[in-house]
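Heads up, the thing below is written out as structure tokens.
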Amino acid sequence: MLVCDYDGTLKPFEKAKVPLKTRRAIARFKKAGGIFVICTGREYKSIKQHLSHLHYEGDLLCLQGSVCIRDKRELFTTTLDHETTLLILKTAEEDGLVPQLYDTKDYYTAFKNPQTDAYGVYTQTTPLYLNQKLSDYAKEKNFCANKILIHCPEEESLPYTIKLQNLCGE
């Protein structure tokens, strides 16, 4: 079994689609009996449009593995619990960072911002702008996230991840 990321791995960031050489290698691997799975941080609706040129019909892990798709149907999904969702969102908001909140169908952000706009252009998706803090929205809706993406400077991403792991007890 080979599990491979899509963006920046199968499909180079600067390319519109997966290179022919890579597509042929995947076909040879599968023909030899290999099981090939794509794992991506994207939502299913964002990645499915890119799969047709691969003639891809295998399992697909979306939203960092929190959603598994088989035969174009959701096989399973897992979420953060409500308390952890709120803790992460409140922490990011208090730290002045821009979180994005994901479920299996959509992604949300508090307000229009350059980071979310750029992500939407790259993935050809449109976020739902809530015009309220995501933590308030999550609390009102009893929301349990499949994924939370927090925009921060690259050099701060590892220390911030460690901070959140310590807060969440994981």
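With the condition kept exactly as written, say whether any residue in the stretch 97-115 is out of contact with any helix residue (DSSP H, G or I) (no Cβ under 9 Å at 6 or more places or on another chain) and buried (at least 17 other Cβ atoms within 10 Å of the Cβ).
Let us first name the residues in the stretch 97-115 that are out of contact with any helix residue (DSSP H, G or I) (no Cβ under 9 Å at 6 or more places or on another chain), namely 111-115.
Applying the additional criterion that residues be buried (at least 17 other Cβ atoms within 10 Å of the Cβ) yields none.
The answer is no, given that none of the residues of the stretch 97-115 is out of contact with any helix residue (DSSP H, G or I) (no Cβ under 9 Å at 6 or more places or on another chain) and buried (at least 17 other Cβ atoms within 10 Å of the Cβ).
Taking the stretch 32-87, which residues are within 18 Å of Tyr102 (Cα to Cα), outside any loop (DSSP other than H, G, I, E, B) and open to solvent by less than 20 Å² (accessible area, probe 1.4 Å)?
Listed by number, the residues that qualify are Ser46, Ile47, Leu60, Cys62, Leu63, Val67, Cys68, Ile69, Thr85.
For the stretch 126-150, what are the residues that are open to solvent by 40 Å² or more (accessible area, probe 1.4 Å), touching a Leu at 6+ places or on another chain (Cβ under 8 Å) and not in a helix (DSSP H, G or I)?
Answer for the stretch 126-150, where residues must be open to solvent by 40 Å² or more (accessible area, probe 1.4 Å), touching a Leu at 6+ places or on another chain (Cβ under 8 Å) and not in a helix (DSSP H, G or I): Lys133, Cys144.
The values are calculated or read from the model by the stated rules, or taken from the named source; none is laboratory data. Nothing here was measured: the structure is a model prediction, and the numbers come from that model. We place every Cβ from the backbone using ideal geometry, glycine too, and count neighbours over all the protein chains shown. Note: accessible area is taken over every heavy atom of the protein model, side chains too, but ligands, DNA and RNA are not part of it. Shrake-Rupley method; radii C 1.70, N 1.55, O 1.52, S 1.80 Å.
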